[in-house]
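In what follows, a structure is listed as C-alpha cells, so that the remarks can point back to it.
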Amino acid sequence: MPAPPHPGPAPTPPPGSRRPSDAPPAGPAPLSRHSRPLVPYLRRALGLLAGLCLLGVLHQARPPAYGDRLTGSAHADRTWVPRVRGAVVAGYDTRGGAPRWRYARAGHRPVVVLPTRAEAITLWDDGLLTATDGRTVRWHRALPDAAEWLPAHGGAGVLRPLGHGILAVVTPRRVAAYRTADGDLRWTLPARDGCAFRPGGALRRGPALLLAQPCPDTAWTGQLVALDDLGRITPGRTPLGSAPPFLRPGHRDAGNSLAPPR
C-alpha cells in the first residue's frame, strides 16, 4: 500500500498579515447591559469603605476622654495604696518600692484621693470625680457648681464613705451618694433654704455620719444632719441595718431621693 503523501511546507502568509499566535491578547469583555447599573453602587461602596478607614484612623489619633493618662498596671490582689504626688495619683505597693501605676489628667491636678475596697476615688480641681482600680478608669462623674466652691474650699471632707459600697460627696449645696462599684447616683439631699453644708464639719458615730448644716436663727439640733447609706436618718425611719431597703419592714423615704433597688 503506498505511503500517504508528505505534507509540504505551510503556506507563507501574505505581507502585512499576522499569524494567529501573533494576534494581540483579547481585552476585557465589555460590560453587559445587566452589569452596568452595578458600577455606581460599587463606587459608592468603595468610597464608604475609605471613609470608615479614615474615621478609624482619626479615632485612634484623638486624645483620651477627660485627658486620662493611666500608666503601669495593678494586680487584682489590691496590694497598693493610692497617694497624691503633685499632679499624679500613684498606687504604691504596700510592701514598699516604686508605684505600680500612675494616673494623671492633662491640665488638671488631683485635690484629694480616697481609697476604697477595690478602687481609688479622686476629686480633681475641675470638679470631676473619677474611680480607678489601677488598670482602667472605671467611671467619671462631674460635680455641679464645683467652680463656685472648690477653689476656695479644697477637698477636705468632701468624700465621705457611708458603708455598703456607698460614697457621699458633700458640697455646700447638696449631698450626693454614689455607688462606688459603678458610679451610679443613688440619692441626693439638698441643703435647707438659707443653709449650707459644711464638708469639713462632720463626725462619725457608728454607721451614721453627723454632718454640720449651719443655719441662721436655727437651734443647734436643726444644724446637724445624720446620714447613712440610705440617706437622712429621721425618727420615722427604720433603724439602721444590713438588709437591703426593700427587705426592711416599715422603711420609708427619709427626705432624700432614693433610687429604686437594683
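A few notes on this one:
- For the range 88-216: rounded, prolate or oblate by the Cα gyration tensor [a/c cutoff 1.5]: prolate
- Under-5 Å amide H pairs with residue 125, H placed in peptide plane, nonlocal only: 109, 111
- Taken one residue at a time, the phi angles of the range 210-226 give Karplus couplings (6.51, -1.76, 1.60, θ = phi - 60°) of 8, 10, 6, 9, x, 9, x, 6, 10, 4, 4, 5, x, 9, 10, 10, 9 Hz. Gly and Pro are set to x.
- Integer Hz, Karplus 6.51/-1.76/1.60 couplings in order for the range 229-236, x for Gly and Pro: 5, 8, x, 6, 8, 10, x, x
- Sulfur and carbon atoms: percent of accessible area, the range 63-152 [1.4 Å]: 52 percent
- Amide H contacts of residue 101 (H built 1.01 Å from N, under 5 Å, at least 5 apart or other chain): 91
- Overall form of the range 95-141 per C-alpha gyration tensor (a/c, 1.5; a/b vs b/c): prolate
- With all protein chains kept in place, the per residue accessible area of the range 82-177 amounts to 43 square angstrom at a probe of 1.4 angstrom.
The values are calculated or read from the model by the stated rules, or taken from the named source; none is laboratory data. All figures in this text were calculated on a predicted structure; none of them were measured in a lab. Ligands, DNA and RNA are excluded from the accessible area calculation, which covers all protein heavy atoms including side chains. Shrake-Rupley method; radii C 1.70, N 1.55, O 1.52, S 1.80 Å.
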